[in-house]
Every structure is written in C-alpha cells, then in structure tokens.
Amino acid sequence: MVNNNNMVCDLQTGVCGVADEEEMGIIDFNQPSKAVNLYYVTDPICSHCWALEPVLRRFVEQYGNYFNFHTVMGGLLEKWHDGPIDPANGISKPSDVAAHWREVGEYSRMPIDGTLMIDNPVQSSYPPSRVFKVIQKKYTDEKAAEYLRRSREALFAFNQNISDKTVMIEIVNQINLDGESIINEAEQQVGHQWLQDDFNLVRSLGVRGFPTIIMTNEENNGVKIVGSRPLELYVDGLKKVLNQEELQPKPVPALSRLIEKEKLLFSKEIEIMYDVEHADIKSFIEQELSANRYQENEILGELYFTATK
C-alpha cells in the first residue's frame, strides 16, 4: 500500500499518485504583493483535491483571516488520446482511473464511486473549469466555490459526468444561477481566455500537480505545499510565511451554521472540523443539531448529512 499521506494529481499525465516533491518547499517570488495570498491550484476532477476538502475547509475557517484565498484552475485533463497516459500505473484509458479513484475514496473516507469512468467517462475537465471561471468572474468567489463543491459531489459521490452540458446546467441551476446562460458563455472565447489566464498563472507559480497550495507574503517569499496533507502542515506553512511562531485560530463554526452554509457534509468532514472520533459521529450530530435540522444518508459505506429546507 502506498503512503496515502503524500498523494497528488499530476498535471502532465492527469493521474493521481504519490507526490515526488518534498512536503513543504520554500520558494521565492519577485512579484510585488501587498498582503498574504494563498493560491489553491486545483481541478474539478482531482480526486486528491476532493480528499483534501475536510482539512482545507477547517484551515480556511480557522486561519482565513490571515490571507486572501484564490482558487486557480490547473487543467488536469484536456482530453484523452491514443496510447498510454501513465504507463507506470497502467493508465491508458478512462476506465483505468476508476480503481485509483476508488482507492483515494477508501483511504480518505471522502467517498468516490468511480464507475462513471468505465460507463460514461469524463472526457475533459476543461468545460467545468470554464464554468467555474465564468461564475468567479461574473458573480463571486463564494458562488464559484459553491459550484465547484456541487460538481465534485456530483462526480465523485453521485457518479455524474460533470463535463456533460446538461449536468453542468443542472448544477448551476442548483446554486440559483442561470445554468444555460452561464454554460453558453463558458463556451465562448471569453470563457476559454479566462481559463487560459489561470493556466498562465499556474505556470508562473511553478505548479506541477494538484492539489498545490502556495502562500506568499509581502516580502515576496512563500511556501509551496504539494498534495493532500494534514492540517498541521498548512498551519506551519502559514507561520513561515508570516514569520510568526504562533497564530490565533478562530473558533470553529457551530455545526448548525456550517451545515446550513454547506448544505451537505460527509462524516469525515465533520470529524475533521470538530475533532470527533468516527465512532462518535452520530451522538455528536444528535447533540449539536435538532432532528428537524438535518437528514442522515449513507453512500459507499459513509454517512453524510444534509440540511433540511
């Protein structure tokens, strides 16, 4: 079994596996900066980005006041082509991805079905990435983040092809925007250009795989953290960027507020946010939420909880 604490989705091959970079590398930027900026380089179909969500959410909730958060699309899969994509891992076609995704889901406990890649595979991550950029540019970062989250739920847990136009429209409609209008705009030149702008930024940041988090300070120095890592590593990275030995984390939000905001939370996400043991999750939920505030469901052996309307 590989070291599952050191995983990354590779930009060149589109395949997820063991990261070949150090846990945290010191980097130097010569671009002027007025504040601490955090760049989260990701992709809608990055399985290790999905695995990172519980830790990343807690990090942003507790330490987000120290930095400006920027989500950047990296372009994991433009298209499949003839021949091997990653010969070392036996990846030459979409169906080869299913087992890799399922393994990520099992060790992270952020459920991934994966059979979609056999039956109705995602042909490119660029279409949902362009939709993300249109929402980000025309509306707000928060709305774009909501779209990205709903897309990942649809893909990984609920086995929907998020590169399909009909599915993208439905997801955008779910977040109370005009799905057809936004998808049509994403297909225009402006949508392609906005995504290309992100790709240019990714190259300038020296990113080679996903997820990658880069934090830079006003002295143009920073840290690069590659792969899905424990919370403590991101906190340590932020300390280095700020040149501070201690940081003051904000209290975690009440579960009632968090589930109202997020709409759907998997058990692992609640466990990470509130330091709850897996065996105690049901009793914790019952203690924190009244019965009419949530619904309990199960998928792929994992519990998830949705806010009632």
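The values are calculated or read from the model by the stated rules, or taken from the named source; none is laboratory data. From a predicted model like this one, the values you see are computed outputs, not experimental measurements. Positions of Cβ are generated from backbone atoms using ideal geometry, with glycine treated the same way; all protein chains shown enter the neighbour counts.
Just checking, does the stretch 49-60 include any residue being surrounded by 15 or more Cβ atoms within 10 Å (Cβ to Cβ), of a type outside the set (D, E), modelled with pLDDT of 65 or more and in contact with a His (Cβ under 8 Å, 6 or more places away or on another chain)? No; the residues of the stretch 49-60 include none that is surrounded by 15 or more Cβ atoms within 10 Å (Cβ to Cβ), of a type outside the set (D, E), modelled with pLDDT of 65 or more and in contact with a His (Cβ under 8 Å, 6 or more places away or on another chain). May I ask you to verify whether N173 is at positive phi and either modelled with pLDDT of 95 or more or surrounded by fewer than 17 Cβ atoms within 10 Å (Cβ to Cβ) (or both)? For N173, the condition - at positive phi and either modelled with pLDDT of 95 or more or surrounded by fewer than 17 Cβ atoms within 10 Å (Cβ to Cβ) (or both) - is not met. Without any contact (Cβ under 8 Å) to a residue 24 or more places away in the chain, surrounded by fewer than 15 Cβ atoms within 10 Å (Cβ to Cβ) and touching a Phe, Trp or Tyr at 6+ places or on another chain (Cβ under 6 Å): does that describe N220? No, not satisfied.
You will find that of V202, V276, V235, V252, the residue that is surrounded by 12 or more Cβ atoms within 10 Å (Cβ to Cβ) and touching a strand residue (DSSP E or B) at 6+ places or on another chain (Cβ under 9 Å) is V202 and no other. Report yes if Y139 is within 25 Å of D178 (Cβ to Cβ) and out of contact with any strand residue (DSSP E or B) (no Cβ under 9 Å at 6 or more places or on another chain), otherwise no. It is true that Y139 is within 25 Å of D178 (Cβ to Cβ) and out of contact with any strand residue (DSSP E or B) (no Cβ under 9 Å at 6 or more places or on another chain). The selection criterion, being farther than 25 Å from I183 by Cα and surrounded by 22 or more Cβ atoms within 10 Å (Cβ to Cβ), does not hold for A98.
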